[in-house]
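Structure first, then comments.
The values are calculated or read from the model by the stated rules, or taken from the named source; none is laboratory data. Since this is a predicted model, take the numbers as computed values, not measurements. In this analysis, Cβ positions are derived from the backbone assuming ideal geometry, glycine residues included, and neighbour counts consider all displayed protein chains.
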Amino acid sequence: MIEETLERWQSRRAFILAVTGAAVGLGNIWRFPYMTGENGGSVFLLLYIVFVLLLGLPMMMAEILIGRAGRRSPMQALAYLAEEAGRSPHWRWLGLFGAVTVFFILSFYSVVSGWSIEYLVDSINGGFVARSPQEIGASFETFLADPLRMTFNHTLFMLITMSVVAGGIANGIEKLNNIMMPLLYVILIVLGGYATTTSGFGEAMAWLFTPDLSAISWQVVLNAMGHAFFTLAVGACALMAYGAYMPEEQSLLRAVFSVALLDIGVALLSGIAIFSVVFSHGLDPGEGPGLMFVTLPIAFSELPGGQIWLGAFFLLLLVATWTSSINLAEPMVAMLVGAGWRRGRASLLIGALVWGVGLLSVLSFSTLAEVHWIGEMNFFTLVTTVPTDLFLPIGGLLIAIFAAWRMSPEAASAALGASGRGFGLWRALVRYVSIPLTLIVLLSGLL
Ligand code: PHE
Ligand code: NA
């Protein structure tokens, strides 16, 4: 068995920032609005919040505590804890499953983050000034149809991601995070404030917050569950990798709560801002993955100094996606490092492989648009749905089973930082609510 890692986050704050950085990203600002638009609005929002509280939170604790108790990369932590508790050594394959999941997620995450790079440059150059909503929509289409521009941005994003991962994560990115994330919240709040002045605000609020149960289906429930996992970064053993570096004395419970609340808050603000614009301009809420890239330039082009705001927004979004993509890459790199690789080489190899598969997503908007992999899904649709809505809940389920039923209760409660009643409560919630609920939704959604 390999030795445990001695690396630690430098402070409590650092750990919370790292987990917040992993959680807040495209999931909140890009994916949440378009998924809500495609899945019936208020029902999706309601289910997402319920799943975050009942599944996301307890499972996030389960995942981080495994990493913290194991003090190794996910695969090795699972192997170690299974052995310690006299369980099957096969639990370690869960770590590999997580690595496969983050591999595919990162491959599209980088492509979409590349869109933000393009839009950052465009807005600085004044590309959206005095443009009509139609023109803004059309320019997004033109961009998507240009694989070279997209590949360029995707390459750039993979480079900045892997160079941070290669350097070890404890330093630079923490500080960047520290300064940039609060700025992102400020811009979102300004945008939310602006939304209240638009003609579509009332309609957006009604559409988001008046529960309309007619839109519900097992597919919608499954999608909402998948999104809850995705947005919290739970189920892929990625937070498990971060948990290994958690300082000894720190409350896991408190850290996790603040992250979840922030994550919901950012999603709500983005949703309100984006749907106000949608309804003000008679756009289609079910527009799909392009939603944010069309609505926000429209909104900002109407604000005084819009160009500057828009540029700042994309810059901060880029920072948010950067800190998430680092977390996505970490478990894969940690796995190779645990097997004796040097960090730099491991990062290079993983980065190159993810980059290559990402090209399939790039081409899904042009050459490969009509190539269907499963059913009607082209590659981009496939990787933005199956790994998130299926793999993450399956991974989360197994993680929860391991933490609440298989590993030694002493190790689990020590790593949770809660003994007695607190631990019992958490374990009962995971055993009798989170696990059965995930199973029911998964099975019903699939059948
Ligand atoms: N939570 C991130 C987001 O909302 C995505 C992510 C998923 C990050 C899984 C790490 C692991 O954008
Ligand atoms: Na998120």
Go through the stretch 317-409 and tell me which helices (runs of 4 or more DSSP H), entirely inside it, have 2 or more residues that are closer than 24 Å to Leu6 by Cβ. 343-363
Which listed residue, of Leu443, Leu439, is part of a helix (DSSP H, G or I), at pLDDT 95 or above and under 25 Å from the mean Cα position of the chain (by Cα): Leu439
Restrict the check to the stretch 246-255 and report whether at least one residue is under 21 Å from Leu310 (Cβ atoms) and either loosely packed, with under 14 Cβ neighbours inside 10 Å or modelled with pLDDT of 85 or more (or both). no
For the stretch 292-311: of the residues being away from ligand 2 (no atom under 16 Å from the Cβ) and at pLDDT 85 or above, which is surrounded by the most Cβ atoms within 10 Å (Cβ to Cβ)? Pro297
Residue that is surrounded by the fewest Cβ atoms within 10 Å (Cβ to Cβ), among those in the stretch 64-111 that are polar (S, T, N, Q) and modelled with pLDDT of 95 or more: Ser88
Those residues of the stretch 403-427 that are of a type in the set (A, V, I, L, M, F, W, C) and farther than 22 Å from Gln250 by Cα come to a total of 1
With the requirement that a residue be at pLDDT 95 or above and within 16 Å of ligand 2 (Cβ to nearest atom), what does the stretch 227-245 give you? His227, Ala228, Phe229, Phe230, Thr231, Leu232, Ala233, Val234, Gly235, Ala236, Ala238, Leu239
State the number of residues belonging to the stretch 1-58 that are of a type in the set (D, E, K, R), more than 16 Å from ligand 2 (Cβ to nearest atom) and in a helix (DSSP H, G or I). 3
Any residue in the stretch 284-301 that is out of contact with any Pro (no Cβ under 7 Å at 6 or more places or on another chain), within 16 Å of ligand 1 (Cβ to nearest atom) and charged (D, E, K, R)? no
Subset of the stretch 205-219 [over 24 Å from the mean Cα position of the chain (by Cα), assigned to a helix (DSSP H, G or I) and under 17 Å from Pro33 (Cα atoms)]: Met205, Ala206, Trp207, Ala215
Please tell me if Tyr80 is touching a Ser or Thr at 6+ places or on another chain (Cβ under 9 Å) and either within 16 Å of ligand 2 (Cβ to nearest atom) or more than 29 Å from Val441 (Cβ to Cβ) (or both). no
Have a look at Ser123, Ser132, Ser116 and point out the one that is under 25 Å from Asp284 (Cα atoms) and touching a Gly at 6+ places or on another chain (Cβ under 7 Å). Ser123
